[in-house]
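Here's the structure we're looking at; comments come further down.
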């Protein structure tokens with residue numbers, strides 16, 4: 001395990017120094033390809049970014065394992081000796097660790113005999129661009145006859161080195177929500193001659209939130225707004241208002257019902273206020289729904305590794321969900337035992353947790 005730790009740490013620190021975002025990953029892609037050359041895997045560089053590494057064990061079926069490659073547009077403030085060398089970019093979500101764990105596994109796979117073939121997927125643009133689409137459109141899962149797929153995400157609150165997982169919902173279906181309100185500006189002294197975009201926007205936020213909280217109170221969900229802008233002066237009726245928020249749920253049918261409800265409320269307020277309310281939704285990742293049989297396989301394979309069955313799903317979203325629409329599989333969490341949250345400019349953790357992630361992947365490969 002000490003040798004594995006040193007290899008994971010070396011990869012993780014090199015990758016941490018060269019964070020890149022979205023699909024613009026030339027240095028990251030080059031590093032991953034170079035690290036894999038000595039493993040004997042069949043390598044494939046995806047365009048505009050991404051890497052596939054196929055280990056042919058002479059078997060009929062293949063298990064796929066996925067890591068994400070992209071960093072975040074965050075200025076690093078960690079003070080680490082291997083901190084980001086790219087201003088305004090940082091591996092603040094642990095994707096450097098995800099890649100490092102799979103690269104260490106690849107080095108071990110080159111000397112192993114496995115009960116099935118192995119496809120390692122290094123995917124771009126998990127954070128911002130649904131990079132899973134690039135992999136799926138390449139038909140890699142079909143070409144390599146993948147039958148199951150697994151992934152790991154580091155999880156700061158879990159005890160260091162602990163594997164966390166649950167059957168069914170693990171992460172939410174999520175969409176950004178954008179509200180645009182167009183009213184009519186006038187001096188506040190002639191209020192009745194204007195159309196108050198600010199009040200129409202606030203009315204929508206309050207009414208839609210109250211409706212969702214009431215109607216869906218027995219269903220796990222998240223609906224709220226973190227940003228609202230309106231107005232130009234204290235004595236001028238606002239002509240425009242904008243709000244930005246999020247809608248999240250763990251069932252696609254429920255998610256669509258909630259969308260329909262808030263769109264209906266926006267239409268009602270438009271009719272009542274005279275303002276024009278346009279409500280739009282971003283592309284939504286599906287929920288991460290762990291296959292129950294794959295969860296049981298993962299739980300059994302964990303063996304003597306510290307393992308927790310998670311009581312509740314998480315409110316974050318992950319485009320690993322897109323793979324689970326094609327194949328049975330599961331995502332597990334790897335505890336880091338740190339209070340520092342993901343997406344923090346000071347994201348620091350104890351790297352000794354990482355070998356358990358590689359070991360979990362290795363046991364899944366050998367589970368057959």
Quiz item: Here are 257, 242: which of them is more than 15 Å from residue 212 (Cβ to Cβ), more than 15 Å from the chain's Cα centre (by Cα) and either part of a strand (DSSP E or B) or modelled with pLDDT of 95 or more (or both)?
Solution: 242
Quiz item: Given the conditions (1) buried (at least 17 other Cβ atoms within 10 Å of the Cβ); (2) out of contact with any helix residue (DSSP H, G or I) (no Cβ under 7 Å at 6 or more places or on another chain); (3) within 30 Å of residue 368 (Cβ to Cβ), which single one is not true for residue 304?
Solution: (1)
Quiz item: In the stretch 65-83, is there at least one residue being more than 19 Å from the chain's Cα centre (by Cα), more than 23 Å from residue 155 (Cα to Cα), touching a residue at least 40 places away in the same chain (Cβ under 8 Å) and not in a helix (DSSP H, G or I)?
Solution: no
Quiz item: Restricting attention to the stretch 207-231, which residues are in contact with a strand residue (DSSP E or B) (Cβ under 9 Å, 6 or more places away or on another chain) and in a loop (DSSP other than H, G, I, E, B)?
Solution: 216, 219, 220, 231
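Residue by residue, here is whether (1) more than 21 Å from residue 95 (Cβ to Cβ); (2) surrounded by fewer than 19 Cβ atoms within 10 Å (Cβ to Cβ) holds:
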site	(1), (2)
272	yes, yes
311	yes, yes
331	no, no
348	no, yes
358	no, no
362	no, no
Quiz item: So which residues in the stretch 261-293 are out of contact with any helix residue (DSSP H, G or I) (no Cβ under 9 Å at 6 or more places or on another chain) and in contact (Cβ under 8 Å) with a residue 40 or more places away in the chain, if there are any at all?
Solution: 280, 282, 283, 292
Quiz item: Inside the stretch 143-190, can you point out the residues that are without any contact (Cβ under 8 Å) to a residue 60 or more places away in the chain and either closer than 30 Å to residue 59 by Cα or buried (at least 16 other Cβ atoms within 10 Å of the Cβ) (or both)?
Solution: 143, 185, 186
Exercise. Working only within the stretch 336-368, note down all residues that are over 16 Å from the mean Cα position of the chain (by Cα) and either free of Cβ contacts under 8 Å to residues at least 24 places away in the same chain or over 29 Å from residue 113 (Cα atoms) (or both).
Key: 336, 337, 338, 339, 340, 345, 346, 347, 348, 349, 350
Quiz item: Does residue 105 qualify as being touching a residue at least 60 places away in the same chain (Cβ under 8 Å), over 20 Å from the mean Cα position of the chain (by Cα), surrounded by fewer than 23 Cβ atoms within 10 Å (Cβ to Cβ) and part of a helix (DSSP H, G or I)?
Solution: no
Quiz item: What about residue 327, is it touching a strand residue (DSSP E or B) at 6+ places or on another chain (Cβ under 9 Å), assigned to a loop (DSSP other than H, G, I, E, B) and farther than 29 Å from residue 211 by Cβ?
Solution: yes
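Restricting to the stretch 232-256, name every residue that is out of contact with any strand residue (DSSP E or B) (no Cβ under 8 Å at 6 or more places or on another chain) and either more than 18 Å from residue 284 (Cα to Cα) or in contact (Cβ under 8 Å) with a residue 40 or more places away in the chain (or both).
232, 233, 234
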Quiz prompt | Members of the stretch 14-46 found to be surrounded by fewer than 18 Cβ atoms within 10 Å (Cβ to Cβ), closer than 21 Å to residue 64 by Cβ and touching a helix residue (DSSP H, G or I) at 6+ places or on another chain (Cβ under 8 Å), listed by number | solution = 43, 44, 45
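The values are calculated or read from the model by the stated rules, or taken from the named source; none is laboratory data. In this text, all values refer to a predicted model and were calculated from it rather than measured experimentally. Using ideal geometry, Cβ is built from the backbone for each residue, glycine included, and neighbour counts are taken over all protein chains shown.
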